[in-house]
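Rule-based calculations on the coordinates, nothing more; no lab input. Predicted model only: the values in this text are computed from it and were never measured. Ideal geometry is used to build each Cβ from the backbone, glycine not excepted, and the neighbour counts take in all protein chains shown.
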Amino acid sequence: MLSHNMEWWTVCDASWDIHDAQVVCRQLGCGNASKVLIGAHYGQGTGPIWLKGVNCTGEEASLSECSQSPHEEYNCDHSRDAGVECTGQFRLVNGSSHCSGRVEVFYNKHWEAICDKDLKSDEAQFVCMKVGCGKMLSAPKGSHFGRGHSIVRLTLHFWGDIEEKNCVGGEAAAVICSEVKLIGDPDYCYGRVEVLHNQTWGTVCDDSWNLKSAQVVCRELDCGEALAAPGGAHLGAGYGPIWLFDAECQGNEMSFRYCDLNALEEHSCTHEEDAGVICARTRLVNGPNRCSGRVEMLLNGLWGTVCDDGWDLSDAQVVCRELGCGEAVSAPEGAHFGKGNGTIWIHNAECLGTEVALWDCKKAMHESYECRHEEDAGVVCSDLHLMNGTSPCSGRVEVFHNDAWGTICDAGWDLQDAQVVCSQLGCGKASKALGGAHYGQGSGPIWLESINCTGEEASLKECQKGGWGEHSCSHSQDASVECSAVESSVETSVHLGVAALVFLALVVIVAEAGCGKMWQEEEEEEERAATLSSPLNWPVLVIKIHLQVLWSYSQKEFHVKSKFKGMYFEIYLSHYNNVSFYTYMLLLKMVNVLLGIVGFVMFFILSVC
């Protein structure tokens, strides 16, 4: 509002732009203009409307120096009151836009530069936030945008505290901020997308807006994976110019400005079509793919890790669900994917496994516990599995998408496609690519058709394919695979196990006939205590376990339970997934080795007898 003739007047938003707002901010000593607001954004005023059609160059000392159009040209009322947002105490000068330049602070009624020596990334990010820009991209040293006119003697601390101190070298700090930002909750990485053009922030039309474009925005803002790309002003309608439409990104660009962008001159878009993004507040880093790695979480614009105290598969399942990565396979502890840095945000996560996001779980925040980065938690997820096969490395192919498992149509399904599946599951080479619901018909959605892999992709989702859910198939055409490497290993282990079992049984029969009386005990308690010391009891127990292991393999479940002369042995894994399968394989091989060792011991005993 302006004071005129002892009255406060408002300004009409007709032709109101960033240059007009810049003059207002300068006149008030509030730094640079960061946002132009129209449509009575801060509420309708009262009294006269003094200025209509104001036209500033941006260099004027006060708004009264700007030219203006005749009042009669505009039909203004208080629903069109203009507003501004200024950067306040901070500004960036001498850069290519108001989102890059030398950092200056309004201190003791003067603008002064900040010392670059002590400017950390946290402080630089704070400056970007205060001047109304996106994430901090870099903080060049050595007076990158000039030293300015004042002596560099101020140091900026996190959250804006200023300190006078000697600046060794006397170089001025600089910051380059992103010219794309999210309006909603940028600290938590979701909101309406806005881009900076001609020193003015504007929105993006949702024409052609998709997850690939959202992924680029999330990457540029250091916000992890894109989870959704809502259009239709789902995250709020903007105001001011609509700068872009038909933004086409490949998804791998490092910045939104590298996408194929169509600037709007004349358009039919309205702010009811503003595009937005929702990025994940959780990410997995330092793993072999996007669905495995060290767990990191975003809080107050900063990424931190999760302590492995109490970390288990239920917690990992929530992370996998949040990232759209399917099921949790394991929950590695002890910085399995390397040590992180920064704050350890969460300790003792206690998820039920049904929560939508890790932040929804019961947890202790970082102030409550002491934990080191040697204890950073990790997750391994899988968005692909095989169903109804003779082992985890054969069966009907199912993929996880939109919170649901679905099948793949066998149209175009070949050995190259099957190879990617086998490689992704760690199952070696593909031996067969089967169609016609060879391993039974699935249920639920048919997610993909006409997949075209080269065989070298790390994931089935990297192959060329049609749109998700777009098909002309039925479940009678569900695709399947058989992988060779692990299958042959299983069969080899089983055959060796059977041979060793027969061999050991013969040894036991002969040994019992020749030497059995050497280890007889009169009392049951003494017999129980002698179980481990009696060599004849070893093969009997091993044989019982081995028979149950072989039976569990044939039944595709893993439940080994044995009780023999006071010894109790039980292993149970409820889900016959890849983890339990490989555990089973390891046990099978260990039992085979144990059989061999016991056999040699028995031969030695026979020779003594």
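With a ≥ b ≥ c taken as the square roots of the eigenvalues of the C-alpha gyration tensor of the range 353-454, please select rounded if a/c is under 1.5 and otherwise prolate if a/b is larger than b/c or oblate if it is not? It is prolate, given that a/c is not under 1.5 and a/b is the larger ratio.
Taking other Cβ atoms within 10 Å as a rough exposure proxy, E104, E370 sort from fewest to most as E370, E104. Using θ = phi - 60° in the Karplus curve 6.51 cos²θ - 1.76 cosθ + 1.60, the 3J(HN,Hα) couplings for the range 105-121 round to 10, 7, 9, 6, 6, 9, 8, 10, 6, 9, 5, 7, 5, 9, 7, 8, 4 Hz; x is entered for Gly and Pro.
For the range 52-69, the residues whose backbone nitrogen is under 14 Å from a point 7 Å from the Cα of I38, taken along Cα to Cβ, are 52-55.
For a test of the definition: using alpha carbon positions, the gyration tensor, and the 1.5 limit on a/c, classify the range 2-86 as rounded, prolate or oblate. Rounded, since a/c falls under 1.5.
Net charge near S474, counting Lys/Arg +1 and Asp/Glu -1 over other residues with Cβ under 15 Å of its Cβ? Local net charge: -3. Here the calculated FRET efficiency for A458 and D360, from their Cβ-Cβ distance with R0 = 30 Å, stands at 0.50, rounded to the nearest 0.05. For the peptides 474-483, 92-101, residues were scored by their other Cβ atoms within 10 Å and the scores averaged per peptide; the highest-first order is 474-483, 92-101.
Would the range 244-378 count as rounded, prolate or oblate if I go by the C-alpha gyration tensor, calling it rounded below 1.5 in a/c and otherwise prolate when a/b exceeds b/c, oblate otherwise?
On the way: a/c = 2.38, a/b = 2.25, b/c = 1.06.
In terms of gyration-tensor shape, prolate.
In plain terms, the residue of E296, E470 with the fewest other Cβ atoms within 10 Å comes first and the most crowded comes last, giving E470, E296. Annotation for the range 275-320 versus the range 374-422: alpha-carbon center distance of 22 Å.
Using only alpha carbon pairs under 8 Å that are at least six residues apart, calculate the relative contact order of the range 2-86 and give it in whole percent.
Numbers: 186 pairs, mean separation 36.9, N = 85.
For the range 2-86, the relative contact order is 43 percent.
Pairs from the table (K117/K141; K135/K181; K135/K339; K35/K181; K52/K181) lying more than 19 angstrom apart at Cα are K135/K339; K52/K181.
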